[in-house]
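Where a number appears in this text, it was derived from the coordinates with a stated rule and is not lab data. Owing to the predicted nature of the structure, the values given are computational and were not obtained by experimental measurement. Methodologically, a virtual Cβ is constructed for each residue, glycine included, from the backbone with ideal geometry; neighbour enumeration extends over all protein chains shown.
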Amino acid sequence: MKITFIGCGNMGEAILAGIHLKHTCYVCEPRLERQVELKKKYKVAFGMIVDAVKAADVIVLAVKPQDLPDVLAELRTFSLAKKLIISIAAGVTTKSIEKKLGQGVRVVRVMPNLPAMVGQGVSGVCRGAKATPKDVTLTQSIFNASGTTVVVPEKMINAVTAVSGSGPAYVFLFVECWIKAARKLGFSEKEAVALVYQTLVGSTQMLLKGEASPDVLRARVTSKGGTTQAAMDVFMTKGMDAMFEAALKAARDRAKELSN
């Protein structure tokens with residue numbers, strides 16, 4: 001399959017890294033230094049948009065949302081009837097892309113997240129009016145190469161943004177606070193990082209094994225009247241669950257505003 005990337009920043013590269021050995025990939029990237037960087041890492045061809053679009057079976061729109069209107073205006077001049085358009089532009093609806101491209105174009109929208117850069121991403125996938133179930137399956141195969149995918153109706157894509165798109169920042173903030181608190185207990189930076197990182201990795205692996213739910217695992221660690229219970233009491237008194245609920249709702253609502 002021939003896949004053309006229009007733009008190739010960090011997220012575009014994460015997708016490219018997962019598929020470049022299995023498919024013929026073209027990249028339209030205006031920055032020369034970026035082209036040089038990508039050529040050193042991947043088996044890809046670089047060229048003008050006219051050649052890359054004509055050759056493509058799939059076109060991945062990996063430009064910044066503010067740059068997308070100019071790209072769509074140029075794409076509209078090509079015949080796109082037999083091509084699948086995949087957009088990872090945050091906040092841009094399939095309806096908006098379909099309207100600007102015309103021709104009954106098939107559009108699938110994807111909300112990936114940062115861990116795709118290390119092959120551990122999760123992407124929300126939704127299809128536009130003309131896209132088929134086969135198009136969704138194809139899109140999943142592309143993004144599963146850098147993690148996993150969840151198919152949702154487009155009305156849920158803003159919630160995907162709140163939960164997993166923005167989610168890595170929640171984890172990084174939690175770890176940042178955890179390390180700072182460990183330092184205040186007297187650990188060096190190196191010691192605090194080692195203790196926190198490995199605890200995080202080990203706990204995550206237990207979750208991924210799926211042998212028990214998070215609440216069950218938490219209960220296993222928490223002895224009544226013990227040290228963990230003392231920490232849990234603080235988290236609950238401070239309203240950690242309500243804080244998370246409010247934070248995700250704020251992120252979802254902001255995603256809705258940006259989509260408008």
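Worth a mention:
- GNM top mover of Thr199, Thr132, Thr161 - the chain, alpha-carbon springs below 10 Å: Thr199
- Computed packing ranks the peptides 18-27, 82-91, 221-230 as 82-91, 18-27, 221-230, most packed first, by mean other Cβ atoms within 10 Å.
- Springs between Cα atoms under 10 Å define the GNM used for the chain, and in it the highest mean-square fluctuation of Ala231, Ala162, Ala131 occurs at Ala231.
- Applying the Karplus relation 6.51 cos²θ - 1.76 cosθ + 1.60 with θ = phi - 60° to region 177-193 yields 3J(HN,Hα) values of 5, 4, 5, 4, 5, 5, 4, 5, 7, x, 7, 6, 4, 4, 5, 4, 4 Hz, where x marks Gly and Pro.
- Axis of helix 227-237 versus longest Cα principal axis of the chain: the two differ by about 60°, to the nearest ten degrees.
- Altogether, the Stokes-Einstein calculation at 10 °C and 1.306 mPa s, with the Kirkwood radius of region 122-260 over Cα pairs as Rh, returns a diffusion coefficient of 88 µm²/s.
- Integer Hz, Karplus 6.51/-1.76/1.60 couplings in order for region 117-123, x for Gly and Pro: 5, 10, x, 10, x, 9, 10
- Inter-label distance, nm, simple model (7 Å from Cα along the C-beta direction), Arg31/Phe244: 3.5 nm
- Residues whose amide H lies under 5 Å from that of Gly147, counting only those 5 or more places away or on a different chain, are Gly121; hydrogens are built 1.01 Å from N in the peptide plane.
- Viscosity 0.692 mPa s, temperature 37 °C, Stokes-Einstein D of region 146-221 from Kirkwood C-alpha radius, µm²/s: 221 µm²/s
- Length gained when the stretch Val216-Leu258 is fully extended (0.36 nm per residue, less Cα-Cα span): 11.3 nm
- Ellipticity estimate at 222 nm from DSSP helix runs (n ≥ 4, -39,500 (n - 2.57)) divided over the chain, nearest 500: -16000 deg cm²/dmol
- Options [x] 46; [y] 36; [z] 32 - which one matches percent of Cα pairs over 27 Å apart as calculated here: [x]
- Near-label residues of region 225-260 by backbone N, under 12 Å of a point 7 Å along Cα→Cβ of Ala181: 228-240
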